[in-house]
Amino acid sequence: MANKWEVFVMDLGELAEGKQLELTVRTLNDGLQKYTYQRAKVEVSSKLDQFPDSLQVRLGRGQLSPQRYSIRVIETVNRLPERYR
Amino acid sequence: MGKISEAETKLEKISAPRTNREFIDACVKSGDAVRIKQEVDWDNEAGAIVRRCCELGEAAPFMENIKDYPGFSYFGAPLSTYRRMAISLGMDPASTLPQIGAEYLKRTNSEPIEPVVIDKRDAPCKENILLGDDVDLTKLPVPLVHDGDGGRYVGTWHAVITKHPVRGDVNWGMYRQMMWDGRTMSGAVFPFSDLGKALTEYYLPRGEGCPFATAIGLSPLAAMAACAPSPIPEPELTGMLAGEAVRLVKCETNDLEVPADAEIIIEGMILPDYKVEEGPFGEYTGYRTSPRDFRVTFRVDAITYRNNATMTISNMGVPQDEGQLLRSFSLGLELEKLLKSQGIPVTGVYMHPRSTHHMMIVGVKPTYAGIAMQIAQLAFGSKLGPWFHMVMVVDDQTDIFNWDEVYHAFCTRCNPERGIHVFKNTTGTALYPHATPHDRKYSIGSQVLFDCLWPVDWDKTNDVPTLVSFKSVYPKDIQEKVVDNWANYGFRGAKK
């Protein structure tokens, strides 16, 4: 089943297509984990059928952007220093 | 001496709710809270209910059936009305604001009451203990308070408890906390706050983690203490407000002590060298103002909670919520204490909650030149100062609680050239909607004094205008005659 993700950006230009990005995304899948974050390497596309998962975007003050994307999460990135894990 | 004894006797009779549960029961009994039995979704619905209650001045919602979280409940808008504030103090819910204020001043001018530390076995907050791999914030019914918020907010009506590493001062402060993942929270901590100073002066330069504990579902007076900008340590202040010692218990994973009767305790460490994003969030100003940013990050090591724990929710937004109400209340009264301690003949200080605690109204006997400026300098220069940016000074003939009178004084007596004084490059917050993005980022502020006093060098007989009102221009006997005959004249309005 496709996953639903959300990202906060100041400007849609931060979501460059055709290259790998590292973003902080939160899951919108129903359940207890909804709205929890992870750092991930991803690719995004404004073509909604390009990648399996969907991505919606919120702007700086929480406004929902009408622009939708598809997204592929390549891998999660844990930036928390080892000593705190 | 006789008066002091009388006050002390009255303090012994305080019967304020000692826990959040006692408070809810008292509010339900008086009609100031409603029990909601039907299922409520933690995802937006609970927040929307609380917001609507705030905007309508409704009873507080006690939501007993939370989707996905059996056994937990929510209590929203706990102190968003003066009635519930009176109940929290053990007073008649119908008490007036001046009466509540007088009681607050009486209790907080009494002797500090030291907290007591109790055994873990007697602490309700230890009924469930999650440690190690069991620690997971998503096991708690953390709500999405407003649609579009940066996350689910763990802490909206709570206390973040820390201790100064050198002085040993204990601080309970309401620093909002967002759930980033199951073990991580991020929060807004202003640099001028007690915790902000401890972090920037001590922990961050040394690269040391700062132990913290977040207490949720506090007694209402503990929450009041955590919200008050008082110099008295919050555990002692809570005891003074309640008239008895607050019960504390030691944390599981650090040396901090937390309110034993709180519903939920989250323990952990503020990380000195790792930050995650926080916000945006619907704020007490009625806007989402402060930008999403990398902020203070809390790593969670333990969670303890009562059986059938109740999470308290404050939903900040347009007036009025408990942040606005309680902060206005305590900021005004703490400024009154400060001004009186300096011998200034103030007749009262009041912040209207609808100013979102941004405008301080000070009543004073204008006995010497520059008194309004002295008040503003003390107010803005104090620890209270960053929380408001407007001071309006009116004379002792103006009822500071009556906005019509205050507004009239402002519009007629504040000289545009001599009565408005701007203070530049002061301390502000990232939450000020009127601030520039640059000022928000660096907590740079600006403040203003509105001096609505007649100048003391004006001749009181010939230069100072005479107020023209029913009460001020007619002889007493005529006033009484007109009032007594009001209905006879054919008017239906009540006598005044």
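FYI, it's all coordinate maths here, none of it is from the lab. As the structure is a prediction and not an experimental result, all values here were calculated from the model. Positions of Cβ are generated from backbone atoms using ideal geometry, with glycine treated the same way; all protein chains shown enter the neighbour counts.
Here are a few things to note about the model shown:
- Computed extension length for B:Asp147-B:Ile118: 6.4 nm, one decimal, from 0.36 nm per residue of separation with the Cα-Cα distance subtracted.
- Ordering B:Arg176, B:Arg121 from the fewest to the most neighbouring beta carbons within 10 Å gives B:Arg121, B:Arg176.
- Within 10 Å of each Cβ in A:24-37, the average number of Cβ atoms from other chains: 5
- Translational diffusion coefficient (Stokes-Einstein; Kirkwood radius from C-alpha pairs) of chain A at 20 °C, 1.002 mPa s, in µm²/s: 161 µm²/s
- Placing unit charges on the Cβ atoms of the charged side chains and taking the dipole of chain B about its Cα centre, the candidate lying farthest along the positive direction among B:Leu256, B:Pro437, B:Gly268 is B:Pro437.
- Shielding score for A:56-64, defined as the mean number of other chain Cβ atoms within 10 Å: 5
- In degrees, nearest ten, helix B:371-381 long axis to first principal axis of chain B (Cα): 10 degrees
- Projecting the Cα atoms of B:Thr304, B:Ile66, B:Ser110 onto the charge dipole of chain B, computed from C-beta unit charges around the Cα centre, puts B:Ser110 farthest toward the positive end.
- Taking Cα atoms only, the orientation of helix B:403-413 departs from the longest principal axis of chain B by about 60 degrees.
- For region B:339-379, the square roots a ≥ b ≥ c of the C-alpha gyration tensor eigenvalues yield an a/c of 1.5 or more together with a/b exceeding b/c, which makes the shape prolate.
- C-alpha center-to-center spacing [region B:31-50, region B:272-317] in angstrom: 20 Å
- The share of C-alpha pairs in chain B whose separation exceeds 33 Å stands at 41 percent.
- Computed over chain A: relative contact order in percent, which uses C-alpha pairs under 8 Å that are six or more apart: 31 percent
- Expressed to the nearest 5 percent, the antiparallel share of DSSP beta bridges inside region B:2-313 is 80 percent.
- Sorted by Cβ density within 10 Å, fewest first, the residues B:Thr466, B:Thr138: B:Thr466, B:Thr138
- Net charge dipole size for region B:2-313 [Lys, Arg +1 and Asp, Glu -1 on Cβ; Debye, nearest 20]: 460 debye
- Considering only A:Tyr35, B:Ala223, B:Val170, and ranking their Cα positions along the charge dipole of the protein assembly as shown that arises from unit charges at the beta-carbon of Lys, Arg, Asp and Glu, the one farthest toward the positive end is A:Tyr35.
- For chain B: relative contact order, % (alpha-carbon pairs under 8 angstrom, 6 or more apart): 14 percent
- With an a/c value of 1.5 or above and a/b not larger than b/c for the gyration tensor axes a ≥ b ≥ c computed over the alpha-carbon atoms, region B:29-136 is described as oblate.
- With K and R counted +1 and D and E -1, the other residues having a Cβ less than 12 Å from that of B:Glu55 yield a net charge of +1.
- Neighbouring Cβ atoms from other chains, within 10 Å of the Cβ of residues in A:67-79, number 0 on average.
- The order of B:Arg21, A:Arg83, B:Arg52, B:Arg292, going from fewest to most other C-beta atoms within 10 Å of their C-beta, is A:Arg83, B:Arg52, B:Arg21, B:Arg292.
- Intensity falloff of the protein assembly as shown expressed as log10 I(q)/I(0), Debye formula with alpha-carbon point scatterers, at q = 0.08, 0.12, 0.13 Å⁻¹: -0.60, -1.23, -1.40
- Region B:74-145 and region B:398-467: distance between their alpha carbon centers, rounded to Å: 35 Å
- For region B:411-465, the Kirkwood estimate of hydrodynamic radius, built from reciprocal distances between every pair of different alpha carbons, is 13.3 Å.
- B:Thr253-B:His408 pseudo-label distance in nm [points 7 Å out on the Cα-to-Cβ vector]: 6.0 nm
- You can think of it this way: the chain between B:His421 and B:Glu45 has 130.9 nm of extra reach, that is 0.36 nm per residue less the Cα-Cα gap.
- Three-way shape label, region B:144-233, alpha-carbon gyration tensor, a/c 1.5: oblate
- Distance between modelled label sites at B:Asn65 and B:Ile129, nm, 7 Å Cα→Cβ extension: 3.5 nm
- If you wrap the tightest convex hull around every Cα atom of region B:322-451 and split its volume per residue, you get 103 Å³.
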